[in-house]
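First comes the structure, then the notes that go with it.
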Amino acid sequence: MANAFELSKTVSNITESATLGMAKIARQLKSEGKDIISLSIGEPDFDTPKNICDAAHKASLEGYTHYPPVLGLPEFRKAICEKLKNENNLNYNLNEIIVSTGAKHSLINAVMAVVNKGDEVILPAPYWVSYPTMVEYVGATVVPIKTTIENNYKPSVADFEKAITPKTKLIIFSNPTNPSGSVWKEEELKQIADLLEKYPQILIISDEIYEHINYSGNHCSFAGIPGMKERTATVNGLAKGYAMTGWRIGYLAGPEWWVKACEKIQGLFTSAANSVAQMAGVEALLNSQDEIAEMKGIFEKRKQLVQEKLGMIEGLKLNNPEGAFYFFPQVDYFFGKKYNGTVIHNAGDLCMYLLKEAEVATVGGDPFGSPKSIRLSYATSEENLIEACRRLKIALDKLID
Ligand code: PMP
Ligand code: GLU
C-alpha cells in the first residue's frame with residue numbers, strides 16, 4: 001500500500017548502506033534456497049572468544065544491568081586508556097574517552113559535533129561507504145581525493161594539499177583502510193601531519209577499527225604523531241579485531257572538548273552503550289590477546305589464498321591489501337562486455353551479474369568513491385573462498401566483447 005505520508009527530505013536524500021544492502025540481498029537469496037557465497041559484508045566469520053562471552057554473562061549476574069554513564073562505564077574507559085597506552089603509546093584520561101553503540105555511532109557523533117552546513121570534509125577515495133552520507137547528513141560537502149590502484153589507492157601529500165580550501169573542516173580516513181586494505185605507514189602519516197601544521201583549523205577523524213588486522217608491521221595511530229593529538233579523534237571498536245560485530249561497541253578517544261560534545265549528542269539521542277557489552281569489552285582489551293593474533297593469522301592465510309586464485313582471472317587488476325579483510329580489484333576491463341544478453345556497463349552491473357551468474361555477493365566500488373572497482377571480503381572460510389573464486393573465474397571468463 002502506498003504511504004500517504006511524506007518522508008523527511010533528510011531520509012529521502014540518503015541511500016541505504018551499500019554494504020548492508022548487498023548483505024541483505026545475499027541473506028534473502030539464501031533464505032530462498034540459493035547457494036549464495038557472501039563476500040559482501042565485512043564481518044569476521046569467527047564467534048566471539050569464550051572468555052569474552054563469559055565476562056558478559058558474569059557482568060549480567062553482577063548487576064551491570066543499569067544505565068551506565070553516557071561516556072561509558074569507568075571500568076571500560078579505564079581499560080581503553082590502558083590499551084591506548086600499551087598498544088599505541090597514547091596517554092588519555094577517562095574524560096577523553098566516550099564509548100558508543102559501535103564505531104559507526106562514534107563516527108556520526110564526532111561528525112555532528114564539529115561539522116557545520118557549508119563546511120568541506122576531505123575523504124581519500126576509496127572511502128568507507130558511511131563517511132560521505134554522514135558528511136552530507138549534516139549539510140557539509142564531501143571533497144574526495146581520487147587515487148589509483150597503481151599507488152595502492154593512497155593519495156600523496158600533494159593530493160591532500162590540492163583538496164584543502166578555506167572551508168575545509170575535517171579529514172576522515174580509515175587505517176587500515178576499508179575497502180582497499182591499504183595501510184598507512186608512520187612515514188606517510190608524518191608527511192600528512194607536516195602538511196597539516198600549515199592548516200591548524202583542520203580536524204582529523206582517524207578510524208582505526210582494523211588496527212589488529214594489519215599484516216604489514218606495526219600499526220601507527222595518527223594521534224601519536226607530534227602535534228596531532230590535540231585535533232584528532234581516534235575511532236576504534238571491538239567488532240573487527242575481537243569478532244564482536246553483534247555486541248555493538250565502539251569508542252572514541254580525543255580532546256576533552258570534542259568528547260564532551262559527543263556526550264551531549266549521545267545523551268540526548270541514544271544514551272550510553274550496552275552495559276554488559278562494555279564489561280565484555282574490558283575482558284577483550286585487558287586479557288589474553290592470543291585468539292586475536294590467531295584470527296589475524298587465519299585472515300592472512302586467506303588473503304594469500306584469494307590473491308593466488310583471483311590472480312588467475314584475466315582482466316581482474318588486483319591491489320595488494322596489507323590489512324583489513326578486503327580485496328578491491330579494478331574491474332573496468334569488463335565494462336562493455338556481455339554474456340547472454342547482459343551487458344556490463346559499470347561495477348554495479350558487474351556485481352549483479354556475479355550475484356546471478358556465480359551466486360557470489362560482492363559490493364560495487366561506486367559507493368566507496370571508486371567506480372572502476374569492486375570489493376570482496378575474505379572474512380569467510382577457506383572452503384567458501386575456494387568455491388567463490390572458482391565461480392568468479394567461470395563467470396568472468398564468460399564475458400566477451
Ligand atoms: N569504520 C569502518 C572502516 C568499518 O569498516 C566499519 C564496519 N563495521 C565501521 C567503522 C563500523 O563499525 P561498528 O560495527 O563498530 O559500528
Ligand atoms: N563495515 C562493514 C563493511 O564495510 C560492515 C557493514 C557496515 O557496517 O556497513 O562491510
Take the residues in the range 61-105 that are of a type in the set (A, V, I, L, M) and under 11 Å from A272 (Cα atoms); name whichever of them is nearest to ligand 2 (Cβ to nearest atom).
V99
Could you tell me which of the residues K30, K83, K78 is surrounded by 13 or more Cβ atoms within 10 Å (Cβ to Cβ) and in contact with a Leu (Cβ under 6 Å, 6 or more places away or on another chain)?
K83
All positions within the range 173-203 that are out of contact with any Lys or Arg (no Cβ under 6 Å at 6 or more places or on another chain) and under 26 Å from I249 (Cα atoms)
F173, S174, N175, P176, T177, N178, S180, G181, V183, W184
Filter the range 1-27 for residues that are open to solvent by 100 Å² or more (accessible area, probe 1.4 Å) and either within 12 Å of ligand 2 (Cβ to nearest atom) or closer than 27 Å to G42 by Cβ (or both) and give the result.
N13, T15, E16, K24, R27
Counting only residues that are among the hydroxyl-bearing types (S, T, Y) and part of a helix (DSSP H, G or I), which one in the range 106-138 is farthest from ligand 2 (Cβ to nearest atom)?
Y137
Any idea how many residues of the range 92-123 are within 15 Å of ligand 1 (Cβ to nearest atom) and either open to solvent by less than 20 Å² (accessible area, probe 1.4 Å) or modelled with pLDDT under 95 (or both)?
11
Selection over the range 245-263 where residues are in a helix (DSSP H, G or I) and under 25 Å from N91 (Cα atoms) yields a count of 8
So which residues in the range 124-169 are aliphatic (A, V, I, L, M) and surrounded by fewer than 16 Cβ atoms within 10 Å (Cβ to Cβ)?
V157, A158
For S180, state whether it is within 16 Å of ligand 1 (Cβ to nearest atom), farther than 30 Å from S271 by Cβ, at pLDDT 95 or above and within 16 Å of the chain's Cα centre (by Cα).
yes
Specify which of the listed residues (P367, P321) is within 16 Å of ligand 1 (Cβ to nearest atom), in a loop (DSSP other than H, G, I, E, B) and in contact (Cβ under 8 Å) with a residue 24 or more places away in the chain.
P321
Residues in the range 38-91 that are of a type in the set (V, I, T) and either more than 16 Å from ligand 1 (Cβ to nearest atom) or part of a loop (DSSP other than H, G, I, E, B) (or both) total 4
Among the listed residues L385, L376, identify the single one that is in contact with a helix residue (DSSP H, G or I) (Cβ under 7 Å, 6 or more places away or on another chain), touching a residue at least 24 places away in the same chain (Cβ under 8 Å) and open to solvent by less than 60 Å² (accessible area, probe 1.4 Å).
L385
Assess whether Q266 counts as being assigned to a helix (DSSP H, G or I), modelled with pLDDT of 95 or more and crowded, with 20+ Cβ neighbours inside 10 Å.
yes
Check K337 against each of (1) in contact with a helix residue (DSSP H, G or I) (Cβ under 8 Å, 6 or more places away or on another chain); (2) open to solvent by less than 50 Å² (accessible area, probe 1.4 Å) and name the one condition it does not meet.
(1)
Tell me which of these H345 doesn't satisfy, since it passes every other one: (1) without any contact (Cβ under 8 Å) to a residue 12 or more places away in the chain; (2) outside any loop (DSSP other than H, G, I, E, B); (3) closer than 26 Å to R27 by Cα; (4) not aromatic (F, W, Y).
(2)
Scanning the range 370-385 residue by residue, those within 17 Å of L318 (Cβ to Cβ) and either acidic (D, E) or in a helix (DSSP H, G or I) (or both) turn out to be L385
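The values are calculated or read from the model by the stated rules, or taken from the named source; none is laboratory data. Just so we're clear, the structure is a prediction, and the values are computed from it rather than from any experiment. Quick reminder, even Gly has a Cβ in these numbers, built from the backbone with ideal geometry, and neighbours come from all protein chains shown. Accessible surface areas use protein heavy atoms only, side chains included; no ligands, DNA or RNA. Shrake-Rupley method; radii C 1.70, N 1.55, O 1.52, S 1.80 Å.
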